[in-house]
Every structure is written in C-alpha cells, then in structure tokens.
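Comments concern the structure below.
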Amino acid sequence: MWSRDPRKTERRALGQCLRAASLGLAAAMAPLAHAGEVAGAVVTLEAISSRPGDQVAAALPLRFVLLESGQVFVGGTSELLAGQLGKDEATGLERRVNDVRKLPGLGSTVTFGPGPGFRLVLGKSKPVDVLVQGDPAAAPAALLPLANLVKDLAGFGHPSLRPRAPAGFALGVREGELVGGCRAWTLPVTLADAVAAPNVVPAESATGWPTGATPAQVCSGDKTYVVTLRPLVPGERP
C-alpha cells in the first residue's frame, strides 16, 4: 500500500508556513534605510522598528554582531558593547545560525504578527538576509529556530561585554523639524554634501552631538534638518 513520506509532508508544511508568514510584512513595516554590512560577520541583527517620540530607528547601532573570531558587538540606543565568546559558545551559536539557514523555503520576509521588527543577516556560506517581525512566542513550531534566534540575539548578554567606542559614525541628514532649537553645524562635511549623500565621520568629530537614535536639529536659511549619527561597528561598511 502506498504511504506518504512523512519527511516530504513536513517539508511541504514548513514551506507553506514560511510563505504564509511572509505575507503582509512589507505593508506592516515602514521603509527604513538599512545598516551596512560587517566584514567577516557570521550573523548580524538590526532593529528596524519605529521608535517612540522623536527617536530614529534607522540611526540605531546594529543590535548584534558575531565575527568569525568569536568577537561580539551589542548595540543599544546609542552605545556599543564588545565582548568575546569562548570557542564552544561561538560554535553553538553558529550551529543555530546554520539551523536557520537550512529552513526550507525561507524567504526575504517573515512575520509572526504585530511586534518589533528586525533584519537578520547570516554571512559566510549561503548568505541569508531576512526581515522578521512580530512576537517570537507567536511563531509556528516550524519557525522556532528563526524566532528563537532573533529573540536571543535581540536580548543578548555576556559577562565579557564592555563599552566600546565606535569606529566612526554614519551621518544621516534629511529635511524635517524637531521640537526645540537648532544647533550649529560643526561636522567635517558641508551640510549640502551631507544632505546629498550618506557620509562617514570620525568619532572625534562627533563630540558633543547626540548619537544613535536620538537626533539633532540644524537650521540653514528657511529650512530645518534632522541629523543622526549612527555608531559603526569595526569593519562595518555603511
């Protein structure tokens, strides 16, 4: 008697689940500029959800980065922490990354419903770049490797983590208005050039400026501009 191969049935069900989970994510998340890529990164996680009040999500430092060396970086609202995983810790995390990479039918967007949004990038062999939104607790069983990885990286902690000065800042400028007054433009590129294209400025030139998701306001003539300085992880190409 013919019988259905349970492994094929499971793979088919997982593929259907992934396709269904990806529907509506683009509409649910406002388009934001993505952070750059980090050379030698095994995995990076970027928060892309909108922030309360006047905070700018696109200026948040990367939430989590694991390098091939086992070095890790963790970003908050404006600060960066750096640490070092032991060999077994790094291997265990890479194993979880590979489990996600092997999910059949994994597309570029996955949503578990309303909730925070993240961009997960898996480097090395078979790169994966996926937008994930929603509460990981609401993920179907087939997507738990993905949901749990995002949850754990978003809340990552380690005894070795210490404050780390950024390598530089990605400068973002757009027309807009904030509550409060304007500050003088003191950054090492002209305001016109900063409006025209993204720039990277040295860390020392940003002294006294708000960084990360907290923006500043600059006035020029009859226009006002919202200015952000996103802390960069060493090796990050914005």
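Based on the mean of other Cβ atoms within 10 Å per residue, sort peptides 174-184, 97-107 so the most packed one is first. Mind showing how you got there, number by number?
Details: 174-184: 11.2, 97-107: 16.1.
Top to bottom by mean Cβ count within 10 Å: 97-107, 174-184.
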Taking the Cα centre of the range 166-232 as origin, work out the dipole magnitude from +1 charges on Lys and Arg Cβ and -1 charges on Asp and Glu Cβ, in debye rounded to 20. 100
Averaged over all viewing directions, the convex hull of the alpha carbons in the range 166-232 casts a projected area in nm² of 4.1
At a Förster distance of 35 Å, what's the computed FRET efficiency of SER49 paired with LYS87, Cβ-Cβ distance as r, to 0.05? 0.55
Determine the relative contact order of the range 69-137: mean sequence separation of Cα pairs under 8 Å and six or more apart, normalised by residue count, in whole percent. 23
Packing-ranked peptide list from 127-137, 153-163, highest mean Cβ count within 10 angstrom first, is 127-137, 153-163
So which aspartates and glutamates can LYS87 reach, going by Cα to Cα under 17 Å and dropping same-chain residues fewer than 8 places off? GLU68
Under 14 Å, Cβ to Cβ, from LYS151 - net charge with Lys/Arg +1 and Asp/Glu -1: 0
Checking the a/c ratio against 1.5 first, then a/b against b/c, what shape does the Cα gyration tensor give for the range 126-238? prolate
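Read-outs: derived from the displayed coordinates by stated rules, not from any lab. Please read these numbers as outputs of a predicted model, since none were measured by experiment. Cβ sites come from the backbone with ideal geometry, for glycine too, and all protein chains shown count toward neighbours.
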